[in-house]
Amino acid sequence: MSDQPKSFHLPTHIHDYVLAHSTRLDDVQQALVSDTQELGGLSLMQISPDQGLLLTLMAQAIGAREAVEVGTFTGFSALCIAKGLRPDGRLVCCDVSEEWTSTARGYWARAGLADRIELRIAPAIETLRELPTDRYLDLAFIDADKRGYVDYYEELVARLKPGGLLFADNVLWFGAVADPSVQDDDTKAIRAFNDRLASDDRVEQLILPVGDGLTLARRRD
């Protein structure tokens, strides 16, 4: 029953219970999850089903209209965000892979959400710096190269509306962030990102132990 990737902190039977008592992914989402699983180890780049449900619910809860995603892969997170946007909403997706996002485009069309999603194939930092500089974003999601997280955050948090939400994936890095013996560049980058948010008085934030750790940050007024 278990979908992968999962919230790695939870034993499989508890993870399964959580999903069984949560809103079911629709047929298109389920098909995309299954299709991505066929990529083997690469499928771990996809967010977990419970993270996807959370993104949809939070977008709906705040009536999100303008959103940005950094790191799209095969499109599951974008599908979940777009599903939660208002009917006139828009999601800008930043990615560098034509290969993986070609899968994403197909599933967005199947879900009837392609008109809400604009995919920009370019280095994400370039795309972010081309966005309007006023505070217009309702929601942002970061799930890309870890060494870019702080830079992506700075560009996005400056554009969040008061009360806007920012999410970031992999902030526990399979527990490595709390293990001082681990000193590779990606782990250090995630630690630097977590420290940056913890010291930034523009936001209030919480690390949720779902998936591989998901930060939820709210832009103060």
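The values are calculated or read from the model by the stated rules, or taken from the named source; none is laboratory data. Model, not experiment: these values are computed from the prediction. Every residue, glycine among them, receives a Cβ derived from its backbone with ideal geometry; neighbour counts consider all protein chains shown. With ligands, DNA and RNA removed, areas are computed over all heavy atoms of the protein, side chains included. Shrake-Rupley method; radii C 1.70, N 1.55, O 1.52, S 1.80 Å.
Based on C-alpha pairs under 8 angstrom that are at least 6 apart in sequence, region 94-213 has a relative contact order of 22 percent. Taking all Cα pairs closer than 8 Å and separated by 6 or more residues, the relative contact order of region 99-163 comes to 33 percent. One decimal place: the segment Arg129-Glu204 gains 24.6 nm when fully extended, by the rule 0.36 nm per residue minus the C-alpha distance. Cα-based radius of gyration for region 1-63, normalised by 2.2 N^0.38 Å, reads 1.12.
Over region 49-201, accessible surface divided per residue gives 40 Å², non-protein components excluded, 1.4 Å probe.
Note on the chain: Cα-Cα pairs beyond 27 Å make up 27% of the total pair count.
What the phi angles of region 68-81 give under the Karplus curve with 6.51, -1.76 and 1.60, with θ = phi - 60°, is a coupling list of 9, 10, 10, x, 10, 6, 8, x, 5, 4, 4, 4, 5, 5 Hz, glycine and proline written as x. Can you send over the carbon and sulfur percentage of the accessible area for the chain, probe radius 1.4 Å, protein chains only? Percent of accessible area from carbon and sulfur atoms in the chain: 53. For region 46-124, the Cα-based Rg and Dmax, in that order, read 11.4, 33 Å.
Rounded to the nearest 20, the Cβ-based charge dipole of the chain about its Cα centre (Lys and Arg +1, Asp and Glu -1) stands at 620 debye.
The tail of the calculated P(r) for region 123-196 beyond 18 Å holds 41 percent of all Cα-Cα pairs. Bridge orientation summary for the chain: considering DSSP beta bridges with both residues in this region, about 35 percent are antiparallel. Would you compute, from DSSP H runs of 4+ residues alone, the mean residue ellipticity of the chain at 222 nm, taking -39500 (n - 2.57) per run and dividing by the full residue count, rounded to the nearest 500? So the calculated ellipticity at 222 nm is -11500 deg cm²/dmol. Projecting label points 7 angstrom from Cα along Cα→Cβ for Ala109 and Thr12 puts them 3.6 nm apart.
Result for the chain in a Gaussian network model with C-alpha springs under 10 Å: among Ala78, Ala59, Ala176, the largest mean-square fluctuation is at Ala176. Remark on region 28-70: Rg and Dmax equal 12.5, 35 Å (Cα only). Exposed loop sites are taken as trypsin sites (Lys or Arg not before Pro) in a DSSP loop (any state but H, G, I, E or B) with at most 15 other beta carbon atoms within 10 Å; the longest stretch of the chain without one runs 25-134.
Between Arg220 and Arg24, the modelled labels are 4.4 nm apart [label points 7 Å from Cα along Cα→Cβ].
Just checking the listed ones, Tyr149, Tyr17, Tyr107: in the Gaussian network model of the chain with Cα springs under 10 Å, the one fluctuating most is Tyr17.
For region 79-185, the C-alpha radius of gyration divided by 2.2 N^0.38 Å, with N the number of residues, is 1.18. Note on the chain: with a GNM built from Cα contacts shorter than 10 Å, the maximum mean-square fluctuation among Leu39, Leu19, Leu131 falls on Leu39. Per residue, the convex hull spanned by the Cα atoms of region 175-221 amounts to 70 cubic angstrom. Normalised by the number of residues in region 58-150, the average gap of Cα pairs under 8 Å and 6 or more apart makes the relative contact order 37 percent.
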